[in-house]
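*Asks:* If you scroll down you'll find the structure; I have some questions about it.
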Amino acid sequence: MPCQSNDELQLIVDEARTCTKHGRVADYIPALGEAKQDDLSIAVHYPDGTCYSAGDIEKKFTLQSISKVISLAFVLMERGKEYVFNRVGMEPTGDPFNSIAKLETMAPAKPLNPMINAGALVVTHMIKGGNVEERFSSLLAFIRELAGDPNVNYSQEVADSEFQTAHLNRALCYFLKQHNIVEENVEELMELYTKQCAIEMNCLDLARIGVVFAMDGVDPISEKQIIPKDIARICKTFMVTCGMYNASGEFAIKIGIPAKSGVSGGIMGAVPGKFGIGIFGPALDEKGNSIAGIKLLELLSKNYSLSMF
Ligand code: GLN
């Protein structure tokens, strides 16, 4: 069923778009700096396959930190809860996503949660397989299944751009390696992580993944349980407590939707039992979240009473 453009959504997008001038496109990964400041689009995907959209929904963007919630689901399925949570915690940090500060204060130096870079690197480290290529292919196959789109792929340009400049992430990996939380070669882990972050898709695909989380791990189109219910529940809980980095508390109060953002300007939302949301708006606020994307979700949540609290 094609996604229908929707006038009500378009009005909300037009209103939210006025915020983009107060944000900034991320450029610490040089290839992301090419994005257009005032882009804003949304797709809303219902379990019955109905889809509504506004903006240029065909435009592709990389998942960046949105991939963290998906790799977490994948690794929990591969390794089980005990193995994973022995190596990464469950608590929000209140620090920026790439902060190294708390690692030094923890004993053992286990990252506080899987949504910050340190925790996500540990999660990616846990993906099974003989080499980087095999591990990346298995994660990509999972993401293609979730999106119901066998053509989802990654951007070599964005992956290379991040790989060449990821000094802080390398520092996190070396710290974790020193404390035996990460065991593999850091360059290999960086290759896998930067490819994972560079997986690209449009808002439609992202909304389709959102609806699987919203429906407790069941793909409503194929009716297949892709993610076990308890793992989907864990992922949604992390989306609420840590999904918008150190803005998660305010986001929960103002919007109340499990969501995960990335520095490309993407946001995936999963309204429990109702629908999935995919947003792309590359102008970011100072915490690294899509500034107009948050405004858009705030308007949607208010207009349609979507808060789960
Ligand atoms: N690839 C990015 C990084 O590690 C992801 C960060 C993000 O989206 N917040 O810096």
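The values are calculated or read from the model by the stated rules, or taken from the named source; none is laboratory data. Given the structure is predicted, the values throughout are model-derived calculations rather than measurements. Ideal geometry is used to build each Cβ from the backbone, glycine not excepted, and the neighbour counts take in all protein chains shown. With ligands, DNA and RNA removed, areas are computed over all heavy atoms of the protein, side chains included. Shrake-Rupley method; radii C 1.70, N 1.55, O 1.52, S 1.80 Å.
*Asks:* Looking at (1) at pLDDT 95 or above; (2) within 16 Å of the ligand (Cβ to nearest atom), which is the one condition that is false for Pro96?
*Replies:* (1)
*Asks:* Might you let me know whether the range 257-268 holds any residue that is away from the ligand (no atom under 16 Å from the Cβ) and basic (Lys, Arg)?
*Replies:* no
*Asks:* Would you mind stating whether Ile116 is touching a strand residue (DSSP E or B) at 6+ places or on another chain (Cβ under 6 Å), open to solvent by less than 60 Å² (accessible area, probe 1.4 Å) and either within 16 Å of Met190 (Cβ to Cβ) or in contact (Cβ under 8 Å) with a residue 12 or more places away in the chain (or both)?
*Replies:* Working: touching a strand residue (DSSP E or B) at 6+ places or on another chain (Cβ under 6 Å): no; open to solvent by less than 60 Å² (accessible area, probe 1.4 Å): yes; either within 16 Å of Met190 (Cβ to Cβ) or in contact (Cβ under 8 Å) with a residue 12 or more places away in the chain (or both): yes.
Criteria not met by Ile116.
*Asks:* What residue, of Ser307, Ser264, is within 19 Å of Phe238 (Cβ to Cβ), assigned to a loop (DSSP other than H, G, I, E, B) and not charged (D, E, K, R)?
*Replies:* Values: Ser264 fails: within 19 Å of Phe238 (Cβ to Cβ).
Of Ser307, Ser264, the one residue that is within 19 Å of Phe238 (Cβ to Cβ), assigned to a loop (DSSP other than H, G, I, E, B) and not charged (D, E, K, R) is Ser307.
*Asks:* Name the residues in the range 99-113 that are open to solvent by 10 Å² or more (accessible area, probe 1.4 Å), away from the ligand (no atom under 16 Å from the Cβ), in a loop (DSSP other than H, G, I, E, B) and not charged (D, E, K, R), would you?
*Replies:* Matches in the range 99-113: Met106, Ala107, Pro108.
*Asks:* Please state which one of Arg144, Arg135, Arg170 is under 17 Å from Tyr193 (Cβ atoms), more than 16 Å from the ligand (Cβ to nearest atom) and basic (Lys, Arg). Working first, answer last.
*Replies:* Working: Arg144 fails: under 17 Å from Tyr193 (Cβ atoms); Arg170 fails: more than 16 Å from the ligand (Cβ to nearest atom).
Within the list Arg144, Arg135, Arg170, the selection yields Arg135.
*Asks:* Might you check whether a residue that is within 26 Å of Gly49 (Cβ to Cβ) and either within 16 Å of the ligand (Cβ to nearest atom) or assigned to a helix (DSSP H, G or I) (or both) occurs anywhere in the range 243-250?
*Replies:* Kept after step one, since they are within 26 Å of Gly49 (Cβ to Cβ), are these residues of the range 243-250: 243.
The next check asks that each one be either within 16 Å of the ligand (Cβ to nearest atom) or assigned to a helix (DSSP H, G or I) (or both); those that pass are 243.
The answer is yes, given that some residue of the range 243-250 is within 26 Å of Gly49 (Cβ to Cβ) and either within 16 Å of the ligand (Cβ to nearest atom) or assigned to a helix (DSSP H, G or I) (or both).
*Asks:* Please go through the range 147-167 and give me each residue that is closer than 30 Å to Met215 by Cβ, open to solvent by 40 Å² or more (accessible area, probe 1.4 Å) and away from the ligand (no atom under 14 Å from the Cβ), ordered by number.
*Replies:* Selection gives Gly148, Pro150, Asn151, Asn153.
*Asks:* Could you go through the range 189-206 and let me know if any residue there is part of a helix (DSSP H, G or I), within 16 Å of the ligand (Cβ to nearest atom), acidic (Asp, Glu) and over 13 Å from the mean Cα position of the chain (by Cα).
*Replies:* Within the range 189-206 (the criterion being part of a helix (DSSP H, G or I), within 16 Å of the ligand (Cβ to nearest atom), acidic (Asp, Glu) and over 13 Å from the mean Cα position of the chain (by Cα)), the answer is yes, since at least one residue qualifies.
*Asks:* Now for a different question. Quick one: is Gln64 under 16 Å from the mean Cα position of the chain (by Cα) and not in a helix (DSSP H, G or I)?
*Replies:* yes
*Asks:* Is the range 288-303 home to any residue that is touching a residue at least 60 places away in the same chain (Cβ under 8 Å), surrounded by 19 or more Cβ atoms within 10 Å (Cβ to Cβ) and not in a helix (DSSP H, G or I)?
*Replies:* Yes; the residues of the range 288-303 include at least one that is touching a residue at least 60 places away in the same chain (Cβ under 8 Å), surrounded by 19 or more Cβ atoms within 10 Å (Cβ to Cβ) and not in a helix (DSSP H, G or I).
*Asks:* Within the range 60-87, how many residues turn out to be under 23 Å from Thr194 (Cβ atoms) and touching a residue at least 60 places away in the same chain (Cβ under 8 Å)? Let's see the steps before the verdict.
*Replies:* The first filter runs over the range 60-87 and keeps only residues under 23 Å from Thr194 (Cβ atoms), leaving 60-79, 84, 87.
Filter once more, keeping what is touching a residue at least 60 places away in the same chain (Cβ under 8 Å): 60-74, 76-77, 87.
Residues in the range 60-87 being under 23 Å from Thr194 (Cβ atoms) and touching a residue at least 60 places away in the same chain (Cβ under 8 Å): 18 in total.
*Asks:* Give just the number: which of (1) away from the ligand (no atom under 14 Å from the Cβ); (2) within 25 Å of Pro108 (Cα to Cα); (3) of a type in the set (A, V, I, L, M) does Val212 not satisfy?
*Replies:* For Val212, the failing item is (2).
*Asks:* Another question, then. Only one residue in Ile199, Ile277, Ile267, Ile221 is open to solvent by less than 10 Å² (accessible area, probe 1.4 Å) and farther than 26 Å from Ser161 by Cα, so which one is that?
*Replies:* On inspection, the qualifying residue turns out to be Ile277.
*Asks:* Evaluate the range 26-36: report whether one residue or more is free of Cβ contacts under 8 Å to residues at least 60 places away in the same chain, within 16 Å of the ligand (Cβ to nearest atom), farther than 20 Å from Leu121 by Cβ and open to solvent by 60 Å² or more (accessible area, probe 1.4 Å).
*Replies:* Yes, the range 26-36 contains at least one residue that is free of Cβ contacts under 8 Å to residues at least 60 places away in the same chain, within 16 Å of the ligand (Cβ to nearest atom), farther than 20 Å from Leu121 by Cβ and open to solvent by 60 Å² or more (accessible area, probe 1.4 Å).
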